[in-house]
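A short worksheet on the structure shown next.
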Amino acid sequence: MNELILQYFQEHEGEYVSGEELSIKLQCSRTAVWKHIEALRKQGYVFDAIPRKGYKMLTKPVIINAAKLMQGLQTKTLGRVVRIYDEVDSTQNIAHTLVRQGAIEGTLVIAEQQNAGRGRMGRNWFSPKGKGIWMSLILKPTISMQFTPQLTLLVAVALCRAIQAHIPHQVGIKWPNDLLINGKKISGILLESSAEDERLNYVIAGIGISVNLLAEDYPEELKAKATSLFIEKGQLVDREQLICDFLLQLEVLLELYTQQGFAPIRSLWEALTISLHKPLRIQTAKGWVEGVANAIDEMGALWVTLPNGENIKLYSGDIEL
Ligand code: BTN
């Protein structure tokens, strides 16, 4: 049925087609027509709907183009092997399986849609079809486990710089690695690692960027706190180019980190963050903490001064928006 509807819109390109016309053509009820349009919207088709006039198809889903991606790559290692999937549970799961099967460093897994996208702190990650960048990158840094928080901040700096190149609005890092525009979340990072005797075997850097989602794509509970590059900029953003930009930024920063350690990354992170020197409420594994964050230290931990003057350090948590 969806195929027939698409064909009909194709034949009437640029025109409004009424629900009644479609229901006669397809021999179904107008409610059924509406349900099919909604299903197509979920697949990334964009329709304008005007009461008493009908529906006009504005755009079709754009599929990430592997050839265009490879052409745009300026990296030596990162993204040189790419696997693009239409629909997966989570790109993290695919990347974990691939790395266990011997996938090389820099292998990138991308999906048009995730049905069980994972966020930090056990949350779900909303990953509708064709609208975002949902990807997982295999890294094999030769550092010990205790330095993983540094890597988290490094990935956030790379992503912040890459996104900033696509939008005039200020992109800020909310500790540890959420990216915000106008106070709303645009992107999130989930680092999952495997280690033995304190030595990291590998890290899977999961990156979600809300690129071309429309306001109506978001479920009610996300509308107030999440946004997309399209919503903020009013223009579609080239997903392949953004992926290439991120991989290049990340490779450059990883090289800098290997040569000069965490100090330059820390300075870059501090310059891009919106989380320092103001009162915060932070959800940690042990409960809520209130205080003022002053700095991140040489290990990547956040130092917070509590109301009683005591200083504590946090390695993970979630700052209330
Ligand atoms: C967060 O902010 O909570 C982290 C979100 C990470 C989402 C990405 S999307 C690609 C990769 N696959 C997942 O299941 N999660 C990460």
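The values are calculated or read from the model by the stated rules, or taken from the named source; none is laboratory data. These numbers come from a predicted model, not from an experiment. No Cβ is skipped: glycine too gets one built from the backbone with ideal geometry, and neighbour counts run over all protein chains shown.
Annotations
- Taken together, the residues in segment 252-280 that are assigned to a strand (DSSP E or B) and loosely packed, with under 13 Cβ neighbours inside 10 Å amount to 1.
- Filter result for Met57 (surrounded by 16 or more Cβ atoms within 10 Å (Cβ to Cβ), of a type outside the set (D, E, K, R) and at pLDDT below 95): yes
- Evaluation of Lys35 against (1) among the charged types (D, E, K, R); (2) at pLDDT 90 or above; (3) more than 30 Å from Leu137 (Cβ to Cβ); (4) touching a helix residue (DSSP H, G or I) at 6+ places or on another chain (Cβ under 9 Å) (one fails), failing number: (4)
- When segment 1-42 is filtered for residues that are surrounded by 15 or more Cβ atoms within 10 Å (Cβ to Cβ) and among the hydroxyl-bearing types (Ser, Thr, Tyr), the ones remaining, listed by number, are Tyr8, Tyr16, Ser18, Ser23.
- Evaluation of Asn93 against (1) near the ligand (Cβ under 8 Å from one of its atoms); (2) within 24 Å of Glu216 (Cα to Cα); (3) without any contact (Cβ under 8 Å) to a residue 60 or more places away in the chain (one fails), failing number: (2)
- Any hit, segment 69-85, residues being without any contact (Cβ under 8 Å) to a residue 24 or more places away in the chain and over 16 Å from the mean Cα position of the chain (by Cα): yes
- Options Ser136, Ser127, Ser193: the member that is buried (at least 20 other Cβ atoms within 10 Å of the Cβ) and in a strand (DSSP E or B): Ser136
- Scan of segment 124-147 for residues that are of a type outside the set (Lys, Arg) and more than 15 Å from the ligand (Cβ to nearest atom), ordered by number: Pro141, Thr142, Ile143, Ser144, Met145, Gln146, Phe147
- Looking at Gly172, Gly106, just one residue is more than 10 Å from the ligand (Cβ to nearest atom), in a loop (DSSP other than H, G, I, E, B), within 21 Å of Leu253 (Cα to Cα) and not polar (S, T, N, Q), and that residue is Gly106.
- Tally of residues being surrounded by fewer than 24 Cβ atoms within 10 Å (Cβ to Cβ) and near the ligand (Cβ under 9 Å from one of its atoms) across segment 109-123: 6
- Checklist (1) among the polar types (S, T, N, Q); (2) surrounded by fewer than 20 Cβ atoms within 10 Å (Cβ to Cβ); (3) assigned by TED's automatic domain parsing to the domain that holds Leu191; (4) at pLDDT 95 or above applied to Gln249, failing item: (2)
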